[in-house]
Each structure stands twice: as C-alpha cells, then as structure tokens.
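Some notes on the structure that comes next.
The values are calculated or read from the model by the stated rules, or taken from the named source; none is laboratory data. Just so it is clear, the model here is predicted, and its values are computed rather than measured. Don't worry about glycine lacking a Cβ; one is built from the backbone with ideal geometry, like all the others, and counts go over all protein chains shown.
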Amino acid sequence: MIRTAILTTTIITFLTSCSFNKAFLKPTVIPVAAKKVTIKTEIDTTIISFMGDSHQPVLTQKNGQTVDLDYTIASVIFKSANQNKLNGWLIRPKKVSPTITLLHFHGNAGALISQYQAISPFLKNGFQLFVFDYSGFGFSEGEATRDNIYTDALSALDYIKSRQEVQNTKIVIYGQSIGGHLAAVVATEQQQKIDGLVIEGGFSSYKDMGGQKLPLLGRLLTKQGYSATNSIKNFHKPLLVIHSTEDKTVPFHLGKKIFESANAPKDFYEIKNRHIDGPKFYTDEISSKIKKMFVP
C-alpha cells in the first residue's frame, strides 16, 4: 500500500510537472497554407494577406484599402541550428537610415503577426527591427520548447549579422517577458556579437516564475534550465532593464532581481501600465535610453 501510494504520487507529480512546464509556452500556430489573418487592435482591424513561400505580408483595412505604412516589411525564412525553418520580418523605416537594429525576442504566446506590435513603436524613432517566431509559433516549423527557443534565438542573431542592412548598425537585443529571460542568457553567451541588451518585463528564472504561478509547489514542479540571473552576472555590455510596477503577469520584483544581479553599465527604468507596454507608452524615453548606450 505504501509503495503504491508513493508510485501514484510520483506519477501525479511527474505528469503535473510536465504539464506545468509546457504552460510557459503558448504559441499560435499558423498553417503554412494560410493566406490571410485578421488582427484586431484597440484602434482598428487589419487584415494581413500572405504572399509567396516567404509569407510576405500585405496589410489592408476592412474596406480592402492597403494600409499606408511608413516602414517596409521583408518577410524571410531562415534555418535554425535545430534544422527548423523559421519565419522572421526585417522591418525598416522608410525615411531614415537606421544606425541601431533591435533584435526582438517576443513573449510566450501568439505569433509575430501580433507580437511585432509590441516593438513597432520604435520605428518612428529611427530603429530597424528584426522580429521572428520561435519554433512552433506562427509559420515557423517544429515544437515550441525551451531548448528550441534558445537555439532559435542564437540562430536569429547569427542570421541578422549576415544581412547587409544590419552589418553597419549597432545590434541591441530587446527581449520582452519570456523573451526578456531568454535575452539575458543569449546576450551573455554571445556578447561579442552584440552592442547592448534591453530586458522588458522579464523574469529572473523559471523557478522564480513558477513560484509566482503556483505558490509552494511552483518552484518544485518547475525545471530550472538556463537562468537570466545566473547568466546576467557575466554580461559586461550596456544593459537597460524596464519593468512596470503595475505588471500583473511578471511581478516587478523579478525584474529588479535581474537588474541587481547585473554588472555596470546598467540602467533600471521603472514604468507604469500593463505588462510589456513600455514601447507603447514610453517610446521616446526608452528610445533615448537605448541611444545613450552608445554615447561616450
């Protein structure tokens, strides 16, 4: 009876742990054959049609009129080191020649067709962006796992460094939410390839976040793996950590924990509003802080 109870408890704990860890990633999958999606925002409804093998987006309004953008989007397919084909967008402002490229690591849900809006406000301040979907998100192949998104992030960095449009710019990794946690790890391991790092709404470790989701058992059920706070201790390039005191998704103190573990030069920007809404409400302030990273 005792052995049976122990075995039952072990199985339940294992199954619960697997389910709990999978909950960190909630991708939206878009079928490869998809030709159109509808994106609803607080302002309007945009229809995105996809053209060709690269899924080149064309944005139109509900009335069929093409959206007049002040930037260009070049959709690309590149291969991750895990052999999955990933979809990314290189987004460039039309009126200026960018000097800084933001490599965006997005959050744990959705896909780049919606997630790019969380970083696109910076286009008006002259940044160019590379946004991409991890394995299992959007049009990207494969399964959404922690190991895969880590490999995908490394591969995305190598890919953009091969692009002519990026080679003469400063490269700053901008990670949001789970992408902020991931950014700390990738930026530290590849700091010779980048010029700066921004973490917005990021959490300190998977175990810390697990403890927030499920008190008492959360830390026990969560696999640690790579950790932002462990990695950031070895990062020595300019760092900006952004976190809202009103963040209900990733608690403010987890962002502070990353910052406190980091080396100088570093800056902490305390903001208000919802999770990863910094670019929406503080575009100019954050843009200025990023640009100051490279002022002697």
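Odds and ends about this structure:
- Some residue of the range 207-217 being assigned by TED's automatic domain parsing to the domain that holds Val172, touching a residue at least 12 places away in the same chain (Cβ under 8 Å) and either under 28 Å from Phe127 (Cβ atoms) or acidic (Asp, Glu) (or both): yes
- Against the test of being closer than 25 Å to Asn168 by Cα, touching a residue at least 12 places away in the same chain (Cβ under 8 Å) and of a type outside the set (Gly, Ala, Ser), the options Ile258, Ile276, Ile242, Ile290 yield a single qualifying residue, Ile290.
- Where a residue in the range 156-172 is part of a helix (DSSP H, G or I) and its partner, wherever it lies, is of a type in the set (Lys, Arg), with Cβ under 9 Å and at least six apart: Leu157/Lys193; Asp158/Lys193; Tyr159/Lys79; Lys161/Lys193; Glu165/Arg92; Gln167/Lys161
- Whichever residue in the range 105-124 is touching a helix residue (DSSP H, G or I) at 6+ places or on another chain (Cβ under 7 Å) and within 20 Å of Gly136 (Cβ to Cβ) and, among such residues, is surrounded by the most Cβ atoms within 10 Å (Cβ to Cβ): Phe105
- So Phe252, is it out of contact with any Phe, Trp or Tyr (no Cβ under 8 Å at 6 or more places or on another chain) and aromatic (Phe, Trp, Tyr): yes
- Total residues in the range 238-288, condition more than 26 Å from Lys213 (Cα to Cα) and in contact with a His (Cβ under 7 Å, 6 or more places away or on another chain): 1
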